[in-house]
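Participant: So that we are looking at the same thing, I have put the structure below in structure tokens.
The values are calculated or read from the model by the stated rules, or taken from the named source; none is laboratory data. Just so you know, these numbers come straight off a predicted model, no measurement behind them. Methodologically, a virtual Cβ is constructed for each residue, glycine included, from the backbone with ideal geometry; neighbour enumeration extends over all protein chains shown.
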Amino acid sequence: MPNWALLLVRLALSSAGCALFTWIGWKLGRLPWALVAFVFSTPLFGVAVARPLVELAHEGLSWLWRQPLDAWSGRYYEFNGVHVRVLEDAGRLWFCADDVVMACELRVVAAALPGLRRVEGLSCLSLEAFEALHGTHPDHELGRFLLWARREVVTPWERKRSGALVPR
């Protein structure tokens, strides 16, 4: 049973138990006995709810701690000290054009590059488009980027898709 469901079940049962004891105290002697029954049944509520509540708080804080990192989970790549966002769409890898231009220190406007495509709200280019750009405008850093992208990004991605990395 998930922790939140256990908390709700224990909360309902312990509240019902406290209400039952308080009602019995009310029937025995009105307000004074009802208050005594409530005070003595309150630890039942605390003991029943304490552990699931602490575990739920731990799960919530852990989720909150991991939340800023989820955007980069599994797709953080760095070239020349610049975070290069690599996205998968339609069975292909797309590199954020702004990141590559910044990492390679190219003197071009990323929005003016041919073959630009919007993926998850970012202007992206495929590796083939960067190869075509390198063919028309040879640049040492862009050549390094192409080698890095093939070795560090594309090859592991292809192995993962083909099942070559599956342990036997």
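Participant: Test each condition in (1) exposed (fewer than 12 other Cβ atoms within 10 Å of the Cβ); (2) within 23 Å of the chain's Cα centre (by Cα); (3) within 21 Å of Asp139 (Cβ to Cβ) for Asp70 and report the one that comes out false.
Facilitator: Of (1) exposed (fewer than 12 other Cβ atoms within 10 Å of the Cβ); (2) within 23 Å of the chain's Cα centre (by Cα); (3) within 21 Å of Asp139 (Cβ to Cβ), only one is false for Asp70: (3).
Participant: So, of the residues in the range 98-115 that are in contact with a strand residue (DSSP E or B) (Cβ under 8 Å, 6 or more places away or on another chain) and modelled with pLDDT under 90, which turns out to be nearest to Thr136 (Cα to Cα)?
Facilitator: Per the criteria, the residue is Leu113.
Participant: Could we say that Ser126 is within 29 Å of the chain's Cα centre (by Cα) and over 14 Å from Val86 (Cα atoms) here?
Facilitator: In short, no.
Participant: Can you name the number of the only condition in (1) at pLDDT below 90; (2) touching a helix residue (DSSP H, G or I) at 6+ places or on another chain (Cβ under 8 Å); (3) of a type outside the set (D, E, K, R) that His137 fails?
Facilitator: Condition not satisfied by His137: (2).
Participant: Same structure, new question: Test Ala19 against the stated conditions and say whether it is over 30 Å from Asp139 (Cα atoms) and in contact with a helix residue (DSSP H, G or I) (Cβ under 6 Å, 6 or more places away or on another chain).
Facilitator: It is false that Ala19 is over 30 Å from Asp139 (Cα atoms) and in contact with a helix residue (DSSP H, G or I) (Cβ under 6 Å, 6 or more places away or on another chain).
Participant: Still on this structure, please answer the following. Being out of contact with any helix residue (DSSP H, G or I) (no Cβ under 7 Å at 6 or more places or on another chain) and assigned to a helix (DSSP H, G or I) is the filter; apply it to the range 88-126 and report the residue that is surrounded by the fewest Cβ atoms within 10 Å (Cβ to Cβ).
Facilitator: The extreme case among them is Ala112.
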